[in-house]
Amino acid sequence: MEPFEDVYDRYFRDVFQFAYSMCGDAHLAEEITQETFFKALQQIDRFRGECSVKSWLFQIARNHYLSRCRKDRHLTSLEDTPELVQTGSVEERLLDRESAMELHRKLHRLPEPYREVFSLRVFGELSFADIGDLFGKSDSWARVTFYRARCKLKEEST
């Protein structure tokens with residue numbers, strides 16, 4: 001495994017974006033990201049290389065976020081937002097910052113596991129195999145779940 005400082009430099013932005021996609025709050029995403037790397041450093045000897053380093057970090061971030069949600073007993077509430085413009089694919093909309101924020105809001109309305117699978121694939125750029133591994137499922141399950149998440153987002157946009 002590469003030196004931890006290199007891991008931090010390489011994956012900080014990805015972990016932050018993933019955390020932000022889960023919680024929708026930049027300050028909380030920052031806290032989750034910091035805690036993720038702190039826990040990763042503490043548990044570096046437990047990393048066996050069964051998945052990619054990025055997948056491992058995302059798993060730590062996900063677990064920390066879910067623990068925090070259980071502790072707080074609530075998720076961040078979302079305000080009503082205008083409908084997304086219906087042009088282009090969901091991924092293409094991410095290029096437009098305003099549409100991206102609206103997409104994040106709509107994404108937070110998706111039930112699990114659709115929200116998380118979509119976030120891992122689009123924002124985390126994980127392979128379907130890595131996503132399946134995170135959930136203890138197959139890559140086919142990840143593909144189908146991602147497809148259904150995209151369909152749900154498109155339905156909400158119409």
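Below, the figures for the structure above:
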item	result
Residue within the range 125-146 that is under 25 Å from Ala26 (Cα atoms), modelled with pLDDT of 75 or more and among the basic types (Lys, Arg) present	no
Number of positions in the range 30-49 that are assigned to a helix (DSSP H, G or I) and open to solvent by 30 Å² or more (accessible area, probe 1.4 Å)	11
The range 17-29 - residue that is assigned to a helix (DSSP H, G or I) and within 12 Å of Tyr65 (Cα to Cα) and, of those, most open to solvent (accessible area, probe 1.4 Å)	Tyr20
Positions within the range 124-139 being in a loop (DSSP other than H, G, I, E, B) and either open to solvent by 30 Å² or more (accessible area, probe 1.4 Å) or without any contact (Cβ under 8 Å) to a residue 12 or more places away in the chain (or both), in sequence order	Glu125, Ser127, Gly136, Lys137, Ser138
Residue within the range 50-61 that is more than 17 Å from the chain's Cα centre (by Cα) and loosely packed, with under 15 Cβ neighbours inside 10 Å present	yes
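The values are calculated or read from the model by the stated rules, or taken from the named source; none is laboratory data. Since the model is a prediction, treat every value here as computed from it, not as a measurement. Cβ coordinates were reconstructed from backbone atoms using ideal geometry, including for glycine residues, and neighbour counts include every protein chain displayed. The protein model used for the area step is the full one, side chains on, heavy atoms only, and it has no ligands, DNA or RNA in it. Shrake-Rupley method; radii C 1.70, N 1.55, O 1.52, S 1.80 Å.
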